[in-house]
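Coordinate-derived values only; no laboratory data. Model, not experiment: these values are computed from the prediction. No Cβ is skipped: glycine too gets one built from the backbone with ideal geometry, and neighbour counts run over all protein chains shown.
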Amino acid sequence: MKILDFLCADAVTADLKATTKKELIEEMTSMMVEAGAFEKKNKNKIIDVFMAREALGSTAIGQGIAIPHGKTDCVDKLIAGLGISKKGIDFDALDGEPAHIFFILAAPVDSAGPHLKALARVSRLLKDKYFRDSLRAVKDRKDILDLISREDARLN
């Protein structure tokens with residue numbers, strides 16, 4: 001499984017504006033609605049799914065990374081968005097550091113396998129400090145997608 005298999009290219013940004021966890025989830029969900037990944041009528045329901053998952057425990061995994069995710073009947077396949085926050089957002093990470101890199105993942109309710117594989121793939125990709133630093137330094141969507149494409153090829 002490659003990141004580009006489930007990453008919605010139009011739901012990628014190098015310039016997130018959010019300053020809080022809730023704002024981040026709202027901004028990225030809106031971005032995915034605008035990209036056509038989610039239907040507009042389901043936006044609030046999907047935000048609630050992500051926020052409910054955060055209530056169970058933060059999806060920030062440390063080292064400046066958060067992977068908000070959830071399962072919903074609003075999607076029929078695994079879909080993701082990616083955003084970079086230059087300032088960073090307090091996402092309740094175990095290491096206490098703000099998160100700068102955000103992968104947001106939505107999966108169908110009955111898709112445990114692909115959902116877990118996607119989380120593992122994203123985590124594996126982001127373990128590489130050079131890749132994280134490169135991702136944080138990008139200027140635009142094209143650079144992000146080029147960087148992920150190269151890493152997808154390298155890790156395959």
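Annotations
- Global form of the range 48-156, assessed from the alpha-carbon gyration tensor, a/c cut-off 1.5: oblate
- With a Förster radius of 25 Å applied to the C-beta separation of Ala35 and Lys86, the computed FRET efficiency comes to 0.75.
- Label-to-label distance for Arg150 and Met51 is 3.9 nm, based on points extended 7 Å past Cα in the beta-carbon direction.
- The calculated 222 nm mean residue ellipticity attributable to helices in the chain amounts to -14000 deg cm²/dmol, summing -39500 (n - 2.57) over DSSP H runs of n ≥ 4 and dividing by all residues.
- For the set Lys77/Lys139; Lys40/Lys87; Lys41/Lys142; Lys22/Lys45, the pairs lying more than 25 angstrom apart at their alpha carbons are Lys77/Lys139; Lys40/Lys87; Lys41/Lys142.
- Rotationally averaged projected area of the range 1-95 (alpha carbon convex hull; nm²): 6.1
- Within the range 3-156, percent of DSSP bridges classed antiparallel, to nearest 5: 50
- Percentage relative contact order, the range 3-155, counting C-alpha pairs under 8 Å, at least six apart: 27
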